[in-house]
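Participant: Got a structure here, written out as structure tokens. Questions coming.
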Amino acid sequence: MKAWIAAVAVAGCQNALDQRLAIVNDTRVLAIVSEPAEAKPGATVAYSALVGSPHGPDGDAPAWSLCTAPKPPTDDDAVSTACFGSGSSLVAIDPTAAMVPTDACMQFGPDVQGSGFRPRDPDPTGGYYQPVRADVPGTDLAFGFTRITCDLANAPFEVAEAYLKNYVANANPTLVVDAPANVAADSDVTLTASWPAASAETYLYYDQVSETLVTRRESMRVSWYATGGSLPVDATAVDEDDPTTSVSTTWHTPAAGAAWLWFVLRDSRGGIATASVAVTVQ
Amino acid sequence: MSLGAPRRALAILALAASVARAETITGKLVDRATKQPVSGATILAGNELAASDENGAFVIELPPGKYVLVVSADWLKPAQLAVALVPGRDLAVTIEVDPTERAGEQIEVVGIAPTAIGETKVDAALARALPGGGGDAAKIVQSLPSVARPPAGSTDIVVWGAAPNESRVFVDGVPVPALYHVGGYRSAVGNDLIGDIHLTPAAFGVDRGRAIGGVIDIGLGDPRDAPEIRAQADVLDGSLEGRTTVGGVTIAAALRQSWLDQAVSLVEDPRQLAPNAPLPRWTDGQVVARAELAPRTVLTAWIIGSLDLLDRTLYSDDPATQTSENTDQKFARAQVTVRHDRDDGFDSGTLWFGRDDASDDYQFGTIPANVSDDAWVGGARAVQQRRLAAGTILTTGLDLDSEYASLARFGSLTVPAREGDIYIFGQPPGDDIAADSWNATTIDAAGHASLDARVGPLAITAGARLDGWLLTASRLTPRVGSTPGIGSQQIQYDADPRGSLQWKVSDELALRADAGEYHQAREAGDTSAVFGTPGLGLEDAWHVTTGAQWRLAPFAIEAAGYARWLDDLVARDLAVTPPLAKALTQDGIGTVYGVQVTARVLGWHGISGWLSYNLSSSRRKDAADQAWRYFDHDQTNGLIAVAGWVRGAWSVGGRVRLATGEPRTPVVGAFFDSANGRFEPIVGEHNGTRLPTYFATDARAERRFALTGAVKGAVYLEIQNLTNRANAEEIIYNADYTQHGYLTGLPLLAIAGVRIER
């Protein structure tokens, strides 16, 4: 009996492939920031990318384009396959001043061409998103998102009206990091990321089950990245009902030399803040 | 008197195999001492074989002449009776037999030779003795010919390329929602009180409806055959069974409770277990009563119930990819059947009702997916079988089947996954969130009739089933505020012709073909105005099977070919913006083609079992403009060998299984999703690759012994995956999808248990 139980137990320990992204072993995009995080169709936004490499920040400027093709609701991916290639679904943009398409709520939001079509469903925070693609030479495709302010779909009129009047668009959070610039090799170092309480914003959310507006608070999640050493987790999250405004982790430092740390703070409505820290490991 | 389990299976088998001749011998077997009927014995006359039914009765048709009726059964002393059939006169005989001394528990097997193409019937005693099921009778279904190799931990049953929801499970003719408990370790319909298991993979008769795949019939045994008390325990669970007689009513009851989760937690943190090794908790219970109301009129009633709970969390280094699952499933059924046997047939009536409650709450990072489905179900069945003339039998029946379901759903549109969804193991579902609550009614009132006629070497069955359907859904469009909903209601009819033709080439060889049309209603869960389409109707299928059956007791060989054409299948609308309240379509079509060769042996020197090879192709298309793809559970090659050997107090068994891996959709690239900080896959051809070939061997041994007085005991050991082969169950990927590997099933696994009974 015990042998069998043990046999079952070991099944959990096998076949594990590396599910970690915290150690940056090759050049890749770590985050794409939309400023502001949320905008109405027709508004202007700016995009920037945080690109890491084993040697530190990557200096190559990405090529930017808006993805104009929505994905089918049955697709688990966040982006339509039409935006993976180089077809007409991509529109090149100036990342410093790009306009959210005026039909964004039609393409990616709940607006439909007529009453005979199914409104698109929102994400778990009630949001809809315009994808933007960043092409960094030598890396995988990367997509960022601008949350778009759209009307509610299938909501009672008075609820939709109240939402339109009172909803406050998301703003990117503010990230403050605490990481030493000089550390000893092969040692444990505490890394801390914090944010002002106001960064975890409260927002109006349309509860589809009760068909009412409720006030929720953003959950926060910090992703940790380093060029070497080891990190115990990829990310640390704070739930929306948790008032905590800082999280920490322990970085086991690599051998002596230059190292980089990156911090990416995401709020649950798509807001992102990043920080980069150069570290000398002695 | 009851000598062993009733052998209705063999009686049916033998009757089906018999060929109409000029005269009829009707007979009855009785115990010489008690004068009680003796069931389940075989009667050989000339080249014709029959079996005695529950009342000891048998029928044999032969040309005029002199014959010797040879009665045999493991538990009877051989008996013979010489008779002479005179032209124009039927003959009635009574044969008295004497039982042999029974030495300990015997495993008696009947009826594993097929009647319809691909059909398999297994006695529960044999099923329990074979490896693969841990002593659970209904687990044998997963080892039957025609049944695809199930993924580890799966409760799905795929027969001849049909999706799990296209086949239906019945207990004594009453539909049940699941054959297995969550996790697939045990059957949900009990174990101790099961009498036999009957699979018809395609082209089943007119008495069954609402399925376009196959039919699995679990027959509960006669409670008189149950031991007075029996207790069984192994690492998975424990069960207790008892029997009593109150007046003229025999009642047997069984209860089973799992403790696998507690057992594992003694030595290992369940959180460390793999996603393919869930640790559910299950309970099931059955009560069966039987009373003889009048001579040849029997009332049987039973209640069965099943409870399943599963809570698990798959922890992750990133909370955004941590998943949890909470499953709570219950069902109960109760039925009453009265059957009256006549010399020329029988009348049977059944009333049944039940309740299904199921809720599944998933959380994939921040993405929820909650589904609940609570339903009242009920129905009635009436069957009359009558011999119109020698070799001609008319069977007519009525079949009412109804369901009223209250459903609620909140969360991702793509959970639960449907057949045909592109599924990449480990990828979170789409984060599009919706909600709905609705009701749906499904009522199917059917009448059916079939005529069996035997003319010389030909046996023809022609029948039809006429179904009238009432399908309703409470909302035609999504709910908005307190706006009253306009419901969807439709009445549909279908007339399904079904029939077979058998040519008995010789006493051993028969050629047979079956064909029929089948319909099933959309599922209640698909009628949401948000997640589905309220106006969905009936799915349609045509089945054709053909083959040759060679039978020389105790051996049988069958070569079968089969085809299934599926139409109006419910499938997702893949449009970027589907029409309102039409997230699902009925544009799906499918085809299944295959051949299967099966050799069976029944009780040859104590050996029973089968060797079966199946070659098949099952493909589907979700819309006219889509490309054909392989069915999600398609297995091109399937080989299964199962054998059990009983000798004295020992029984041993083995199982070998080889199967082509199931299709999967390959990952050809990845992109970084900045919103979630993770990579997502870019997929290739839908179901364009496969898991590696599966191979496993299992073995089982049981030793029975006498304790004190009438108390008997048994110990058993079952070893699954004897070669400790690492069979791939899923393709897994690293975080950025640049590497892939396989999630493998359970390694060598030993289950030891003990059983005590009186």
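Bear in mind these aren't lab numbers, they're just calculated from the coordinates by the rules spelled out. Everything numeric in this text was worked out from a predicted model, so none of it was measured. Ideal geometry is used to build each Cβ from the backbone, glycine not excepted, and the neighbour counts take in all protein chains shown.
Participant: Report the far tail of the P(r) of the protein assembly as shown, meaning the percent of Cα-Cα pairs longer than 43 Å. Intermediate results must be reported in sequence, preceding the final value.
Facilitator: Working: 231796 of 540280 pairs.
It works out to 43 percent of all Cα pairs.
Participant: Do the alpha carbons of any pairs in A:Lys165/B:Lys582; A:Lys40/A:Lys71; A:Lys71/B:Lys621 sit beyond 25 Å of each other, and which pairs? Show your work: numbers first, answer last.
Facilitator: Details: A:Lys165/B:Lys582 31 Å; A:Lys40/A:Lys71 20 Å; A:Lys71/B:Lys621 20 Å.
Distance filter (> 25 Å) returns A:Lys165/B:Lys582.
Participant: Please check which bits of the range B:719-758 a label hung off B:Gln262 would reach, taking the label as a point 7 Å along Cα-to-C-beta and the cut-off as backbone N under 20 Å.
Facilitator: Output list for this probe position: B:751-756.
Participant: Is there a quick way to get the dipole size of chain B? I mean about its Cα centre, with the Cβ of Lys and Arg at +1 and of Asp and Glu at -1; what is the value in debye to the nearest 20?
Facilitator: The calculation lands at about 2200 debye.
Participant: Here's something else I'd like to know. If the cut-off is a Cα-Cα distance under 14 Å, which aspartates and glutamates reach B:Lys139, setting aside same-chain residues fewer than 8 apart in sequence?
Facilitator: B:Asp123, B:Asp156, B:Asp192, B:Asp196, B:Asp217, B:Asp698, B:Glu718
Participant: With unit charges on the beta carbons (Lys and Arg positive, Asp and Glu negative) and the dipole taken about the Cα centre of the range A:8-281, which residue among A:Val238, A:Ser248, A:Ser115 sits farthest to the positive side?
Facilitator: Final value for the positive-end residue is A:Ser115.
Participant: With label points built 7 Å along Cα→Cβ from the Cα atoms of A:His252 and B:Gln36, find their separation and express it in nm.
Facilitator: Label-label distance for A:His252 and B:Gln36, simple model: 7.3 nm.
Participant: Tilt of helix B:8-17 relative to the longest C-alpha principal axis of chain B, in degrees (0 to 90, nearest 10)?
Facilitator: Long axis of B:8-17 versus the principal axis of chain B: about 80 degrees.
Participant: Quote to one decimal, in nm, the extra length available between B:Asn326 and B:Ala649 on full extension: 0.36 nm per residue of separation minus the C-alpha distance between them.
Facilitator: Length gained between B:Asn326 and B:Ala649: 111.9 nm.
Participant: Taking the Cβ-Cβ separation of B:Thr689 and A:Asp60 as r and a Förster radius of 41 Å, what is the calculated FRET efficiency to the nearest 0.05?
Facilitator: Working: r = 34 Å, r/R0 = 0.83.
Approximately 0.75, to the nearest 0.05.
Participant: Where nothing but the Cβ of Lys and Arg (+1) and of Asp and Glu (-1) is charged, how large is the charge dipole of the protein assembly as shown around its Cα centre, in debye to the nearest 20? Can you show the working numbers first?
Facilitator: Numbers: 82 positive and 123 negative charges, 747 e Å.
Around 3580 debye, computed over the protein assembly as shown.
Participant: Moving on to the next point. Per residue of A:111-122, what is the mean number of Cβ atoms on other protein chains within 10 angstrom of that residue's Cβ?
Facilitator: Whole-number average of other-chain Cβ neighbours for A:111-122 is 5.
Participant: Could I ask something else about it? Under the rule of -39500 (n - 2.57) per DSSP H run of 4 or more residues, summed and divided by the residues of the protein assembly as shown, what mean residue ellipticity at 222 nm is obtained, to the nearest 500 deg cm²/dmol? Spell out each step's value before the answer.
Facilitator: Working: 6 runs with 47 residues, N = 1040.
Computed mean residue ellipticity for the protein assembly as shown: -1000 deg cm²/dmol.
Participant: Over chain B, calculate the relative contact order: mean separation of alpha carbon pairs under 8 Å at least 6 apart, over the residue count, as a percent. Walk me through the intermediate numbers first.
Facilitator: Values: 2223 pairs, mean separation 71.7, N = 758.
Contact order relative to length: 9 percent.
Participant: Follow-up. Taking beta carbons within 10 Å but only from partner chains, what does the mean come to for residues B:663-674?
Facilitator: The per-residue average across the peptide is 5.
Participant: Would you be so kind as to identify which of B:Ile43, B:Tyr562, B:Ile443 lies farthest towards the positive end of the dipole of chain B, taking Lys and Arg as +1 and Asp and Glu as -1 on Cβ and the Cα centre as origin?
Facilitator: With unit charges placed on the Cβ atoms, the residue in question is B:Ile43.
Participant: Report the extension gain between B:Ile756 and B:Ser437 in nm, rounded to one decimal, defined as 0.36 nm multiplied by the number of residues separating them, less their alpha carbon distance.
Facilitator: Between B:Ile756 and B:Ser437, full extension yields 110.0 nm more.
Participant: In what sequence, highest mean first, do B:190-201, B:256-267, B:590-601 appear when ranked by Cβ atoms within 10 angstrom?
Facilitator: Packing proxy ranking, top to bottom: B:190-201, B:590-601, B:256-267.
Participant: Ok, one more. Relative to the first principal axis of the alpha-carbon coordinates of chain A, what is the inclination of helix A:157-166, with its axis defined by its Cα atoms, in degrees from 0 to 90 and to the nearest 10?
Facilitator: Once rounded, the angle reads 50 degrees.
Participant: With +1 assigned to the C-beta of every Lys and Arg and -1 to the C-beta of every Asp and Glu, and no other charges, what is the dipole magnitude of the range A:8-281 about the Cα centre in debye, to the nearest 20?
Facilitator: Dipole of the range A:8-281, to the nearest 20 debye: 260 debye.
Participant: With the crude spin-label approximation of a point 7 Å out along Cα→Cβ, what separation in nm comes out for B:Ala417 versus B:Val336?
Facilitator: Output for this residue pair reads 4.6 nm.
Participant: How many partner chain Cβ atoms sit within 10 Å of a residue's Cβ in peptide B:729-741, on average, as a whole number?
Facilitator: Other-chain Cβ atoms within 10 Å of each residue's Cβ, averaged: 3.
Participant: OK, next. Hey, rough spin-label estimate for A:Val168 and A:Asp186, points 7 angstrom out along Cα→Cβ, what's it come to in nanometres?
Facilitator: Placing both labels 7 Å beyond Cα along the Cβ direction yields 5.1 nm.
Participant: Another question, then. So if we plug the beta-carbon distance of B:Trp550 and A:Asp18 into 1/(1 + (r/R0)^6) with R0 = 56 Å, what FRET efficiency do we get, rounded to 0.05?
Facilitator: Rounded to the nearest 0.05, the efficiency is 0.50.
Participant: Specify which residue in the list A:Ser88, A:Ser268, B:Thr350 is farthest towards the positive end of the charge dipole of the protein assembly as shown, using unit charges on the beta carbon of Lys, Arg (+1) and Asp, Glu (-1), about the Cα centre.
Facilitator: Result: B:Thr350, furthest along the dipole toward the positive end.
Participant: Here's a follow-up. Any lysines with Cα under 19 Å of the B:Lys35 Cα? List them, leaving off those in the same chain fewer than 8 positions away.
Facilitator: B:Lys77
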